[in-house]
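Here's the structure, in structure tokens; my notes come after.
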Amino acid sequence: MTLFARSGTARKGLVPLICGALAAGGLAAAGVATLEPGVAAASSHREAPLISGTPQYDNTDLYAFVSPDKPDTTTIVADWIPFEEPAGGPNFYTFADDAQYDLHIDSDGDARDDLLFRYTFRTKTKNGKTFLYNTGPVTSLDDPDLNITQTYDLELVRLKGGHAMSRTKVADDVPVAPSNVGKASMPDYGKLRSQAVYKTAGGAATFAGQADDPFFLDLRVFDLLYGGNLSEVGRDTLKGYNVNTIALQVPNDLIRQSADQPVVGIWSTTQRRNAQGYYSQVSRLGNPLVNEVVNPQADKDRFNASQPSHDAQFLKNVTNPELPKLIEGIYKIDAPAEPRNDLVDVFLKGVKGLNQPPNVRPSEQLRLNTSIKPTMHPKRLGVLDGDNAGFPNGRRLTDDVIDEALQVVEGELLGAKNDLGDAVDANDKKFEKSFPYVAQPTEGSRGALAKGTTAGADVKSQLGDALSPASATGGTDNTVLVAGSAAAGAAGILLIGTVVAWWRRRMQRAY
């Protein structure tokens with residue numbers, strides 16, 4: 001078990017405040033956390049049987065925070081398509097044309113959405129006679145060499161009692177930032193990213209496209225909680241992988257009930273069109289880790305298809321969680337007594353005095369108090385370390401939800417002081433300082449240089465097969481390009497041709 005020091009002066013008085021808060025995302029983490037490693041699985045990557053086979057519809061993470069450079073606005077970041085290998089062409093990563101990607105806002109705490117932001121996408125192929133994603137260097141989103149393009153519409157639906165009252169087209173035909181194929185194809189990806197940021201007339205901003213996966217953790221937890229001996233921990237398993245991101249920045253006054261009731265509940269869903277043309281919900285995400293480790297296999301698909309207003313059906317999964325028992329069985333760490341009512345209350349309602357709306361109806365949502373100003377120097381443990389602008393009051397990109405949940409589940413807020421964590425404290429890439437804040441995606445051409453070459457060197461006149469991989473052994477700088485190999489290959493072809501000609505002449509000979 002590894003203990004990590006942290007400043008704790010502020011958290012002592014916050015115990016009652018946070019108590020179950022972390023339960024939401026933390027439940028899961030808790031157990032695993034016991035140990036030094038981080039808990040859990042990715043926040044919601046491939047977490048349920050059905051959705052794990054359809055990554056385009058798989059909502060992996062949800063973040064919501066008061067914008068650090070525009071505190072009168074809230075930014076929502078939602079990710080889809082887990083484990084995008086940057087070089088995974090020629091069919092790179094697109095949003096599904098037969099899906100509705102939705103961001104839900106509950107402004108009054110009644111477990112029903114009052115606002116819904118809906119993204120729908122269209123894919124276009126310029127030239128169907130090539131296998132290429134791009135046919136040349138792409139310097140802008142309308143570049144003719146970008147063969148596969150996507151655009152989207154953004155619609156705002158106002159609801160009451162679960163029924164749509166009005167629909168407004170917020171944005172139309174907005175271009176999507178493409179997959180970062182590599183430096184030869186996308187020499188200035190930052191320019192493409194900036195062109196994909198669209199500002200609406202109402203003071204909102206929107207972005208859709210590929211980004212670095214902002215979630216950070218060690219995923220070996222699924223190998224019976226790090227193999228039962230913690231021999232491999234501290235590795236950011238998601239390092240180098242990308243996701244498809246939707247980011248939306250909206251005025252606080254648009255989403256909250258009033259200045260006196262500034263708490264909003266937020267969750268995201270994916271709806272997929274079936275063969276009859278109807279849409280059905282296949283993915284749902286509010287707090288991190290809930291469907292990973294709180295819900296058992298039998299409930300995972302049902303949770304993904306459910307609404308927050310029906311969350312009472314999952315209550316037992318929270319009051320009697322499996323994870324602490326599993327940890328107890330493997331590492332002999334006593335699981336907290338059940339039922340876990342201490343966690344349930346805050347998990348389903350928000351932290352009283354911080355982000356619990358009045359007359360709240362219990363349900364699983366990511367709750368954010370939009371009146372809490374962002375901090376100049378965010379603490380990775382958020383509320384647990386006295387930073388009320390962080391998780392579980394919303395979720396920032398830098399929040400270490402694994403460690404937070406871990407410590408709470410293991411009794412930090414109940415008097416069992418600990419500094420447990422998974423030894424992965426930050427993302428491998430720095431986040432941007434302005435909208436959409438997520439880091440740029442890892443590019444496909446990120447491999448090591450072949451031996452004997454240098455960055456920017458032009459060796460295209462030489463045969464690729466003759467280049468030695470950087471990891472190859474036994475070669476020298478002078479043998480990187482084995483010109484002779486090409487000659488040998490040509491000689492071989494000539495020899496084969498000669499043999500074939502001889503054989504044909506012999507077959508035609510009369511005996």
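The values are calculated or read from the model by the stated rules, or taken from the named source; none is laboratory data. All of these numbers come straight from a predicted model, not from anything done at the bench. FYI the Cβ positions are ideal-geometry reconstructions off the backbone, even for glycines, and counts take in every protein chain you see. SASA here: full protein model, heavy atoms, side chains in, ligands and nucleic acids out. Shrake-Rupley method; radii C 1.70, N 1.55, O 1.52, S 1.80 Å.
Here Asp253 passes the criteria (1) open to solvent by 10 Å² or more (accessible area, probe 1.4 Å); (2) farther than 26 Å from Pro374 by Cβ; (3) not in a loop (DSSP other than H, G, I, E, B) except the one numbered (2). Please determine whether any residue of the range 241-250 is part of a loop (DSSP other than H, G, I, E, B) and under 28 Å from Thr442 (Cβ atoms). Yes: the range 241-250 contains one or more residues that are part of a loop (DSSP other than H, G, I, E, B) and under 28 Å from Thr442 (Cβ atoms).
Quickly run through the range 388-428 and pick out the residues that are among the acidic types (Asp, Glu) and either under 23 Å from the mean Cα position of the chain (by Cα) or under 13 Å from Leu217 (Cα atoms) (or both). Within the range 388-428, Asp399, Asp400, Asp403, Glu404, Asp422, Asp425, Asp428 meet the criteria. At least 3 residues being open to solvent by 30 Å² or more (accessible area, probe 1.4 Å) and in contact with a Lys or Arg (Cβ under 9 Å, 6 or more places away or on another chain) is the threshold, and among the strands (runs of 3 or more DSSP E) wholly inside the range 132-234 those reaching it are 148-160, 163-175.
So that you can scan it fast, the table gives a plain yes or no per residue for (1) open to solvent by less than 60 Å² (accessible area, probe 1.4 Å); (2) under 20 Å from Leu368 (Cβ atoms); (3) in a helix (DSSP H, G or I); (4) in contact with a helix residue (DSSP H, G or I) (Cβ under 7 Å, 6 or more places away or on another chain):
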site	(1), (2), (3), (4)
Asp399	yes, yes, no, yes
Val408	yes, yes, yes, yes
Phe431	yes, yes, no, no
Ala439	yes, no, no, no
Thr442	yes, no, no, no
Leu449	no, no, no, no
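Kindly indicate whether Ile105 is more than 14 Å from the chain's Cα centre (by Cα) and of a type outside the set (Gly, Ala, Ser).
Numbers: more than 14 Å from the chain's Cα centre (by Cα): yes; of a type outside the set (Gly, Ala, Ser): yes.
Against the criterion (more than 14 Å from the chain's Cα centre (by Cα) and of a type outside the set (Gly, Ala, Ser)), Ile105 qualifies.
The condition (being among the small types (Gly, Ala, Ser), open to solvent by less than 20 Å² (accessible area, probe 1.4 Å) and at pLDDT 95 or above) is satisfied by just one residue among Ala29, Ala42, Ala33, Ala78: Ala78. May I ask you to verify whether Lys349 is modelled with pLDDT of 95 or more and surrounded by fewer than 24 Cβ atoms within 10 Å (Cβ to Cβ)? It is false that Lys349 is modelled with pLDDT of 95 or more and surrounded by fewer than 24 Cβ atoms within 10 Å (Cβ to Cβ).
The conditions of being touching a residue at least 40 places away in the same chain (Cβ under 8 Å) and in a loop (DSSP other than H, G, I, E, B) are met by Val351. Would you check if Pro68 is over 17 Å from Thr398 (Cβ atoms) and touching a Lys or Arg at 6+ places or on another chain (Cβ under 8 Å)? No; evaluated as a whole, the condition is false for this residue. Of all the numbered requirements in (1) open to solvent by 40 Å² or more (accessible area, probe 1.4 Å); (2) assigned to a loop (DSSP other than H, G, I, E, B); (3) modelled with pLDDT under 95, Asn388 misses one, and that requirement is (3).
How about the range 264-284: which of its residues are open to solvent by 10 Å² or more (accessible area, probe 1.4 Å) and either assigned to a strand (DSSP E or B) or touching a residue at least 12 places away in the same chain (Cβ under 8 Å) (or both)? Give the derivation first.
Residues of the range 264-284 open to solvent by 10 Å² or more (accessible area, probe 1.4 Å): 271-282.
Residues satisfying the conditions are Gln271, Arg272, Arg273, Tyr279, Ser280, Gln281, Val282.
Against the conditions (1) of a type in the set (Asp, Glu); (2) closer than 19 Å to Gln356 by Cβ; (3) crowded, with 21+ Cβ neighbours inside 10 Å, Glu292 satisfies every one except (2).
Within the range 81-108, restricting attention to residues that are under 25 Å from Ala205 (Cα atoms) and not in a strand (DSSP E or B), the residue that is most open to solvent (accessible area, probe 1.4 Å) is Asp97.
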